[in-house]
Amino acid sequence: MPRTSDDASYLARLQDYYACWRSLPAYGPLRSVLGMNSRDGVAQVLKRLQAAGFLDRTPAGRWTPTTRFFERPLADAPVPAGLPVGTTDSGEAHSIDAWLVRQPSRTVIIPVTGDSMIDAGIHDGDRVVVERDAPARPGDVVVAVIDGEFTLKTLAVEDGEAVLRPANPAYPVLRPGDRLQIFGVVIGLIRNYRR
């Protein structure tokens, strides 16, 4: 079935609905979400989005998003933090998971509180993407556990001992000795500029 020019708009409406409710609506509410009167029209749109790889059916027959449903457009050029240059949408799309997450079963997103890592660009209210049980190397930003308490610091070695360095001179270097456990390695950072 050929894709109509409105399918991108229908997909966007479904993505917005899913972002709000974490599920796709049943056929009745779908008519309202898609701005359509006909159940058959809704069914045709869903089938086209399925054929394009954005939706699938569960064994119980419910519509569910695929990995492609969560892809976002990728610009064809990076944005310089210096002089402005023109950029356009490359037509390619990538999911954030595909770019950032290697092992979903071991990946967790953790909210950050405090300012001990501010000079590393990690601010209060950010979220760090952490790969649990990953091997940590000196220089990695890690989520560590000391005496049952979590902390976010840079792993370093001083005099043959593992230490945890803050990225703010107002905080001391932590020297946990054998009390140190590494929960995971920070592999990414998420910041919402419009809270």
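Coordinate-derived values only; no laboratory data. Predicted model only: the values in this text are computed from it and were never measured. Neighbour counts run over all protein chains shown; Cβ positions are idealised from the backbone, glycine included.
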*Apply the Karplus parameterisation 6.51 cos²θ - 1.76 cosθ + 1.60, with θ equal to phi minus 60°, to every residue of the stretch 40-55 and state each ³J(HN,Hα) to the nearest whole Hz, in sequence, with x for glycine and proline.*
5, x, 4, 4, 5, 4, 4, 5, 5, 5, 5, 4, 7, x, 8, 10
*Quick one: plug the Kirkwood hydrodynamic radius of the stretch 7-65 (C-alpha pairs) into Stokes-Einstein at 20 °C, 1.002 mPa s, and report D in µm²/s.*
188 µm²/s
*Assigned charges on the beta-carbon of Lys, Arg, Asp, Glu; the chain dipole about Cα centre (debye)*: 1000 debye
_Residues Lys47, Lys153, sorted so that the one with the fewest Cβ neighbours within 10 Å comes first_ = Lys47, Lys153
*By how many degrees, 0 to 90 and rounded to 10, does the Cα axis of helix 7-21 deviate from the longest principal axis of the chain?*
50 degrees
*How would you rank Glu149, Glu161, going from fewest to most other Cβ atoms within 10 Å of each one's own Cβ?*
Glu149, Glu161
*What ranking of Tyr17, Tyr193 emerges when the number of other C-beta atoms within 10 Å of each C-beta is taken as an exposure proxy, fewest first?*
Tyr193, Tyr17
*How much length is gained on full extension from Asp178 to Glu161, taking 0.36 nm per residue of separation minus their Cα-Cα distance?*
5.2 nm
*Cα lying deepest toward the dipole's positive end in the chain, options Leu164, Tyr18, Ala43, charges on Cβ*: Ala43
*Provide Rg and Dmax in Å for the stretch 104-190, with only Cα atoms included in the calculation.*
12.1, 36
